[in-house]
Amino acid sequence: METGGPKRSGMVFDRGSFHRQLAVWFSLPVEAIVSEYGMTELGSQGYQPGWRGSIDPSVAVHVQGGDPDLHVFPPWCRVQALDPDNLERLPEGERGLLCYSDLSNVDSVLSVLTSDEGVVQPEGVRLLGRSPQASPRGCSLAVDEILRGSEG
């Protein structure tokens with residue numbers, strides 16, 4: 001399962017090449033690599049449609065889909081695209097900042113407005129990356145910080 005790649009500024013992440021390398025490293029068919037989208041602030045995650053089955057890829061069944069930029073969220077997590085200038089809800093199919101309302105966030109916030117851009121479509125949410133004005137975020141940034149500290 002691939003979860004978005006490195007967040008370092010200037011580092012180019014080619015998802016197709018990365019998936020092919022993962023397939024080699026783990027002796028899997030490249031089609032068995034699935035993209036996941038999640039964050040600490042959400043109780044739910046979105047997954048790339050295209051595979052369903054067991055952990056064993058030899059018994060997995062390929063279904064329609066497979067686009068690593070498209071993610072499907074459970075029905076208790078609603079995603080909206082908002083206009084970055086006024087935060088008004090945009091119609092389906094228009095690019096905006098993604099806002100997640102997640103009912104699984106018990107004892108936490110109900111909605112999370114991100115700096116991630118995307119398009120909400122009938123088949124799922126198409127992730128288009130961080131807003132150019134956004135600060136970098138992600139788990140790999142903490143690793144970068146630790147590595148920089150060990151260099152000094």
- Message: Suppose we keep only residues that are out of contact with any helix residue (DSSP H, G or I) (no Cβ under 7 Å at 6 or more places or on another chain) and hydrophobic (A, V, I, L, M, F, W, C) within the stretch 1-23. Which one would you say is modelled with the highest pLDDT?
- Response: 22
- Query: Pick from the stretch 91-115 the residues that are without any contact (Cβ under 8 Å) to a residue 40 or more places away in the chain and crowded, with 17+ Cβ neighbours inside 10 Å: which of them is farthest from the chain's Cα centre (by Cα)?
  - Reply: 96
- Just need a number here: residues in the stretch 116-139 that are over 16 Å from residue 35 (Cα atoms), of a type outside the set (D, E, K, R), modelled with pLDDT of 90 or more and surrounded by 13 or more Cβ atoms within 10 Å (Cβ to Cβ). 2
- Task: Could you grab me the full set of residues in the stretch 24-55 that are more than 26 Å from residue 114 (Cα to Cα), in contact with a strand residue (DSSP E or B) (Cβ under 9 Å, 6 or more places away or on another chain) and either at pLDDT 75 or above or part of a loop (DSSP other than H, G, I, E, B) (or both)?
- Result: 31, 32, 53
- Within the stretch 78-91, can one find any residue that is closer than 30 Å to residue 22 by Cα and either at pLDDT 90 or above or not aliphatic (A, V, I, L, M) (or both)? yes
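The values are calculated or read from the model by the stated rules, or taken from the named source; none is laboratory data. Source: prediction; values computed, not measured. All Cβ positions, glycine included, derive from the backbone under ideal geometry; neighbour counts span all protein chains shown.
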